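Report on the following structure.
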Amino acid sequence: MHIPDGFLDAKTAISAGGLAAGGVAISLHRVRRHLPRRKVPLLGLAAAFVFAAQMLNFPVAGGTSGHMVGGVLTAVLLGPSAAVIVLASVLIVQCIVFADGGLTALGANIFNMGIIGGVGGYAIYRVVSRVASGARGLVMGAVFAAWCSTVIAAISCAGQLALSGTVPWSLAFPAMVNVHMLIGIGEGLITALVLVAILRARPELLERSAALGSTSASVPVLVFGLLISFGLALFVAPFACSWPDGLDRVAKTLGFDHHALQSPLVPSPIADYQLPGIHSTIMATSLAGAIGVIVVFVLAFVLARVLVPKPTFDPD
């Protein structure tokens, strides 16, 4: 769902960018006030995992693929404000370093996936998880919210395309919703698998548990989390489905794919997740993914470390 340069007109891109900037500013303020400093490494770890997971396109139907967004999963683990920061960090790196998503559409992508998908999906999760209590309710709420987050983000994207005059709303809405309803199933399943694994291994890491008492990010958690992220980027991402994703397929089907600029406005050092100078496509993708994992982890970790003040007294 990464909107490229050329799909949005100036007024829509600027408006979405303004909304995204406001949402990120609020999230930065809330993270500074409410995120325990001992959980700062988890924010970097979440960014690394989301980046790696977004490289893993899975087949959906009719020659279309999808990938995880990760907004609801991150919000369940760390809270909605942290989810916005994580998604913004990932999307910024993807745009600037890998030419994935347009620079002029960066604000729209952060708004759709980080704010609409992450915060909106988290609101749905809180409602549903209260209906069914316990671990089952938590997972059920997260699965349904993850599916909803994919669909509502797609609706927001369809609205931006319509406002830009790229494609009529009557065509964009059903096309985007239909394909992302299928992609949302994958989002929900991946979210469920990760949450079930965490509930069995380290249930105290969940955001709901954190409300009852802060928990620190232990070294083993960070090590294993980063190893998983590197493993996905190095050994799985090169074999991800190469079919066009939901937005690309809709653009081709409805005939507005020619609006996309053929080259990024700002040259990216690792465009299309292919590290230059490597002859093997598989190796070039693997190394590009590993570099991305490191960059997003450092960016999110440093940002949170700078924002979250050091406590004057820590009972632990």
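No lab work stands behind these numbers, since they all come straight from the coordinates. Note that the structure is predicted; figures quoted are calculated from it, not measured. Backbone-built Cβ (ideal geometry, glycine too); neighbour counts: all protein chains shown.
Mean Kyte-Doolittle hydropathy of 0.5 or higher plus an axial Cα length of 27 Å or more: which whole DSSP H helices in the chain meet both?
134-163, 169-201, 281-307
Order of 236-244, 171-179 by packing, highest average Cβ count within 10 Å first?
Working: 236-244: 16.2, 171-179: 18.8.
Packing order, densest peptide first, comes out as 171-179, 236-244.
Using 0.36 nm times the number of residues separating residue 199 and residue 241, minus their current alpha carbon distance, what extension gain do you get?
The residue 199-residue 241 span can extend by a further 12.2 nm.
Here are several values of Cα Rg over 2.2 N^0.38 Å: [x] 1.36; [y] 0.95; [z] 0.99. Which one was derived from the coordinates shown?
Step by step, Cα Rg over 2.2 N^0.38 Å for this structure corresponds to label [y].
Sticking with the crude label model, points 7 Å out along Cα→Cβ, report the distance from residue 192 to residue 302 in nm, one decimal please.
It is 4.0 nm.
Subtracting the Cα-Cα distance from 0.36 nm times the residue separation, let me have the gained length for residue 274 to residue 219 in nm, one decimal.
Additional length available on full extension: 16.7 nm.
Using alpha carbons only, how many angstrom separate the centre of the stretch 26-80 from the centre of the stretch 100-151?
Cα centres, the stretch 26-80 to the stretch 100-151: 10 Å.
Roughly what would the spin-label model give for residue 310 and residue 58, points 7 Å off Cα along C-beta, in nm?
The modelled label-to-label distance comes out at 4.3 nm.
Per-residue counts of other Cβ atoms within 10 Å, averaged by peptide: what ranking do you get for 58-69, 23-34, highest first? Kindly include the intermediate steps, with their values, before the conclusion.
On the way: 58-69: 19.3, 23-34: 16.0.
Peptide ranking by packing, descending: 58-69, 23-34.
Simple spin-label model, 7 Å along Cα-to-Cβ: residue 254 to residue 185 in nm?
For the pair residue 254/residue 185, the computed spacing is 2.3 nm.
Cβ neighbours within 10 Å, averaged per peptide: list 108-116, 94-102 in order, most packed at the top.
Taking the mean over residues of other Cβ atoms within 10 Å, the ranking is 108-116, 94-102.
Show the residues, 5+ positions off or on another chain, whose built amide H is closer than 5 Å to the amide H of residue 65.
Those qualifying (amide H under 5 Å, at least 5 residues apart or on another chain) are 60, 245, 246.
Hey, what number do you get for the chain at 222 nm if only DSSP H runs of n ≥ 4 count, each worth -39500 (n - 2.57), divided across all residues, to the nearest 500?
So the helix-based figure for the chain works out to -21000 deg cm²/dmol.
Give, in nm to one decimal, the length gained when the segment between residue 30 and residue 14 is fully stretched (0.36 nm per residue of separation minus the Cα-Cα distance).
Additional length available on full extension: 3.3 nm.
What are the lysines whose alpha-carbon lies under 30 Å from the alpha-carbon of residue 252, with same-chain residues fewer than 8 places away excluded?
Reachable lysines: 11.
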